[in-house]
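Asks: Handing you a structure now.
Throughout, read-outs are computed from the coordinates displayed, never taken from laboratory work. Quick caveat: nothing in here was measured; it's all calculated off a predicted structure. Note that each Cβ is placed from the backbone with ideal geometry, even for glycine, and that neighbours are counted across all protein chains shown.
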Amino acid sequence: MSATIIDGKQTSSEIRKEIASEVSELKKQGIQPGLAVVLVGDDPASHVYVKNKEKGCEETGIDSYKYERPTKMKEEELLALIDELNKDSKVNGILVQLPLPDHIDEHKVLMAIDPEKDVDGFHPINVGKLMVGNAVLVPCTPRGTIELLKRSGVEISGKNAVIVGRSNIVGKPVSMLLLQENATIEICHSRTKDLSEHTKRADILIAAIGKPRFITKDMVKDGAAVIDVGVNRLETGLCGDVDFDEVKEVASLITPVPGGVGPMTIAMLLKNTIIAATQQAKTN
């Protein structure tokens, strides 16, 4: 048996078309969604991500505002910029590209973003809403993961879902979303004893640990759906947290890296921007 490969590029492209038509409907109502992206420093990967986000905005009709600042930008200058964007009615979503330079407190910066414009879904208010099941702006990668599973025909309700990784960006939020879809969830991490005992019980296995090809064939249940969120840069190129060539022999569905969850993250960012624009139009 060889797994069906979930094409994140294809799915993301379908979602972008849906978003483009939603944006054109919003424009008819006098709502023009706008996304501001702030990039501090010269991290090459961050520049690639920002470029892809701009491209996504262009493709879907969302206004894009880019603020590139040097590495030596002071924390108070960044906070002042965020304050300005919070007050700007043309801007519905604010995204500060991470990582930030070491001298800037990431937590302080994320806290400064208006929760209604927090299209990353990282503000504690949005995290709290996710926890109690009424989140509007949900972190993009977890939202993209759920969307990939649903659009690939994976039944989530009643299934055992195992998440390897407990980060605030992926592991914790994706576990909450799976719980809301009525999966039985288990979160594993670096201190989990006998990890493969847990992963082998998973009908849905999500790898988000940042260790290249860490999940091997012997850790995966036959017929499991495997979502690889990891992106590891090796000399040979990009690879995920799952040993793709091995695991595809036992899984029923699997995402590749690149071309799996990555394109979905940007699609969900665009989705969050139009959700934010719609919500703000209601309250203004």
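Asks: Test of understanding: what is the full-extension gain from D88 to E155, defined as 0.36 nm times their sequence separation minus their Cα-Cα distance?
Replies: 19.9 nm
Asks: Within a 10 angstrom radius of the beta carbon, how do V127, V96 rank from fewest other beta carbons to most?
Replies: Values: V127 19, V96 24.
Ordered from fewest to most neighbouring Cβ atoms within 10 Å, V127, V96 come out as V127, V96.
Asks: Please report the net charge: other residues with Cβ closer than 11 Å to the Cβ of D114, K and R +1, D and E -1.
Replies: Working: positive: K87, K117; negative: D83, D88, E116, D118.
Computed value for this residue: -2.
Asks: Order these peptides, 57-63, 258-264, 154-160, 24-30, by their mean beta-carbon neighbour count within 10 angstrom, highest first. Can you show the working numbers first?
Replies: Values: 57-63: 19.1, 258-264: 23.3, 154-160: 14.9, 24-30: 10.7.
Averaged packing, sorted descending, gives the order 258-264, 57-63, 154-160, 24-30.
Asks: In straight Cα distance, which aspartates and glutamates are under 16 Å from K74, not counting same-chain residues fewer than 8 positions off?
Replies: D42, D83, E84, D102, D105, E106
Asks: Give me the lysines in straight-line cross-link reach of K9: C-alpha distance below 16 Å, same-chain residues under 8 apart excluded.
Replies: Here the lysines satisfying the reach criterion relative to K9 are K17, K53, K55, K150, K271.
Asks: I'd like the distance between the alpha-carbon centres of the range 147-162 and the range 183-262, rounded to an integer number of Å.
Replies: 15 Å
Asks: If you don't mind, there's one more thing I want to ask. Let me check against my output: what whole-number percent is the relative contact order of the chain, with C-alpha pairs under 8 Å and at least 6 apart?
Replies: Numbers: 572 pairs, mean separation 64.7, N = 284.
The normalised contact order for the chain reaches 23 percent.
Asks: Same structure, new question: Determine ³J(HN,Hα), in whole Hz, for all residues of the range 64-81 in sequence, where each value follows from phi through the Karplus function 6.51 cos²θ - 1.76 cosθ + 1.60 and θ = phi - 60°; x replaces Gly and Pro.
Replies: So the J values, rounded to whole Hz, are 10, 10, 10, 10, 9, 10, x, 3, 7, 3, 7, 4, 5, 5, 5, 5, 5, 5.
Asks: Over the chain, with a Gaussian network built from C-alpha contacts below 10 Å, which listed residue (S167, S175, S64) shows the highest mean-square fluctuation?
Replies: Of S167, S175, S64, the most mobile in the Gaussian network model is S167.
Asks: Mind checking which lysines have their Cα closer than 23 Å to the Cα of K193? Skip sequence neighbours fewer than 8 apart in that chain.
Replies: Cα-Cα hits under 23 Å: K159, K172, K211, K217, K221.
Asks: Let me ask you something else. At 0.36 nm per residue, minus the direct Cα-Cα distance, what do S13 and K27 gain on full extension? Give it in nm, one decimal, please.
Replies: So the chain would gain 2.9 nm between S13 and K27.
Asks: Quickly rank 224-231, 273-280, 38-45, 201-208 as a protection proxy: mean count of other C-beta atoms within 10 Å, highest first.
Replies: On the way: 224-231: 26.2, 273-280: 21.5, 38-45: 16.5, 201-208: 24.4.
Highest mean packing first, the order is 224-231, 201-208, 273-280, 38-45.
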